[in-house]
1. Could you check, for the stretch 23-34, whether at least one of its residues is out of contact with any His (no Cβ under 7 Å at 6 or more places or on another chain) and in a loop (DSSP other than H, G, I, E, B)?
2. Restricting the first residue to the stretch 1-30 and requiring it to be in contact (Cβ under 8 Å) with a residue 12 or more places away in the chain, which pairs with a second residue that is of a type in the set (S, T, Y) and assigned to a helix (DSSP H, G or I) meet a Cβ separation below 8 Å and a spacing of at least six or different chains?
3. I'd like to verify a number: residues in the stretch 76-97 that are surrounded by 11 or more Cβ atoms within 10 Å (Cβ to Cβ), closer than 19 Å to G42 by Cβ and either more than 15 Å from the chain's Cα centre (by Cα) or of a type outside the set (A, V, I, L, M) (or both), how many?
4. For the subset of the stretch 35-45 comprising residues that are part of a loop (DSSP other than H, G, I, E, B) and touching a residue at least 12 places away in the same chain (Cβ under 8 Å), which member is farthest from H66 (Cα to Cα)?
5. As an exercise: evaluate A33 against (1) loosely packed, with under 15 Cβ neighbours inside 10 Å; (2) under 11 Å from the mean Cα position of the chain (by Cα); (3) more than 14 Å from I13 (Cα to Cα) and give the number of the one condition it does not meet.
6. Quick check on the stretch 62-75: of everything there that is small (G, A, S) and not in a strand (DSSP E or B), which residue is surrounded by the most Cβ atoms within 10 Å (Cβ to Cβ)?
7. Answer yes or no as to whether G54 is modelled with pLDDT under 95 and on the phi > 0 side of the Ramachandran plot.
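The values are calculated or read from the model by the stated rules, or taken from the named source; none is laboratory data. Values in this document were obtained by computation on a predicted structure and should not be read as measured data. Note that each Cβ is placed from the backbone with ideal geometry, even for glycine, and that neighbours are counted across all protein chains shown.
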Amino acid sequence: MPIIRVGPTVTQINVFTVEPDRQQPLIDYLAAAAQVASEVPGWMSASLHRSLDGTRVVNYAQSESHDAAQRVFQHLKSRGMIEGNKAFGQAHPGLYEVSFTLDRDDR
């Protein structure tokens, strides 16, 4: 389960642009990649989001630190899973840290 709080957690947000008929196959592929990523110490969670118009998929993945995020990337790359993403659409990845949160319990 994702944990969104200010702290050392590093979040990879990757927005994929896809053709509508490639959206579900990409989600299936990324779900399998999340299983592989979960083998890496420091990996925390992965959440996949589909756009309602069928043209985008967002992968929201969390690691305990920047080093852990790099280990996850290298682990996936060594298994060909990063390169495999390209078969489904165009990726726009980035690493982020949480700078602010507010939820109903904070009000």
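1. The answer is no; no qualifying residue exists.
2. Qualifying pairs under 8 Å: none.
3. Selection size over the stretch 76-97: 5.
4. E39
5. Looking at each condition in turn, A33 falls short on (1).
6. Taking the candidates together, the pick is A69.
7. Against the criterion (modelled with pLDDT under 95 and on the phi > 0 side of the Ramachandran plot), G54 does not qualify.
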